[in-house]
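Asker: Here it is, the structure, as C-alpha cells.
Where a number appears in this text, it was derived from the coordinates with a stated rule and is not lab data. Remember, predicted model here, so these are calculated numbers, not experimental data.
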Amino acid sequence: MKKIIFCALLLFAAFLCGTQPVSALSWVYDYDSALSTALATGKPVMIDFYTDWCGWCKKLDLETYQDSKVQALSSNFICLKIDGDKHGDLAKKYGVRGYPNIIFLSSKGNVIERVNGFAEAEVFRGFMERAIAKNDASLNGADNIKDKIISIFAPKKKLETVENKQKPAVKNPVQENSKFKLTEIIFDPKNPKAVINNAEVKPGESIDGAQVSQITQNTVILLYQGESVILVISK
C-alpha cells in the first residue's frame, strides 16, 4: 500500500514539474515554424506564454483549454506554446510581464488580441472569436485597423445604472446619415452588449451585413465589407 501511495506522489510531482503542461489543444513549440505555417495557411496564431512554476498556467490548461467550445475554436488557429523562462527574447518582444499571457497574431504576424492572465472559458472564447474576425479582416486587406477606420462620433455619453446588474449603460445616438446607429452600450467584461440599428448584439454576432468584432466601454468595432467600422463614443 505504501508503495502505491509513493508511486502516486511521484506521478503527481512529475506533473507539477513537467516541462510541457497537459492540455487538450494541439500545440506546436517552434516559433518560426508556427509563423511560417500561419502565413501559408492564412490562420492566426495563438501564443500561450507559460512557465513551469506558474500555477495559473496549469489552471488554464486544466480548465479553460478543456472546454469543448474552446477546443473547437482552436482548430482555427496555429496554437503555439512558449516557455517564457527559456525564451526570454520572445517574452520581451511581446511585452510579457506575467504568466500566463496569451498573444493572438494575425497570419501575417501582427498582434491583434491579448489575454493578460488566466481567463475562464466563456471569456477566453470571446478573445478567440475576436481574433478570428480581425484576422479575416486582415486577409481582406485591413492589415492595420488604423488604415481603414470609418469613425462615427456621437454626442457625449450619459451613464446610467442597468437594473439588477449595477453596470454602466451608455446611450448615444449616432449621426442620422450613418448606416449603423449605435444607441446603447451595456458593458460587462464577460458579456458585453450593444444596441445597433435597434437590435441588441454581442461580439461575434451579425447586424445588417456587418459582424460585431469587439465591444468596449466606449467603442464598438464592426467588420463590414472587408473594412473595420468603429462606432466611437466621444468623451
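Asker: Provide, in order from the shortest bin, the percent of all Cα-Cα pairs of segment 28-148 in each 10 Å bin, continuing until the bin that contains the maximum pair distance.
Answerer: Bins of 10 Å from zero give 14, 47, 34, 5, 0 percent of pairs.
Asker: So, one more: Find how much the distance from SER75 to SER26 grows on full extension, using 0.36 nm per residue of separation minus their present alpha carbon separation; answer in nm with one decimal. Walk me through the intermediate numbers first.
Answerer: Working: separation 49, 0.36 × 49 = 17.64 nm, distance 0.85 nm.
This chain segment gains 16.8 nm when fully extended.
Asker: Relative to the present Cα-Cα distance, how much length would full extension add between SER36 and SER206 at 0.36 nm per residue of separation?
Answerer: Working: separation 170, 0.36 × 170 = 61.20 nm, distance 3.14 nm.
Computed gain between SER36 and SER206 is 58.1 nm.
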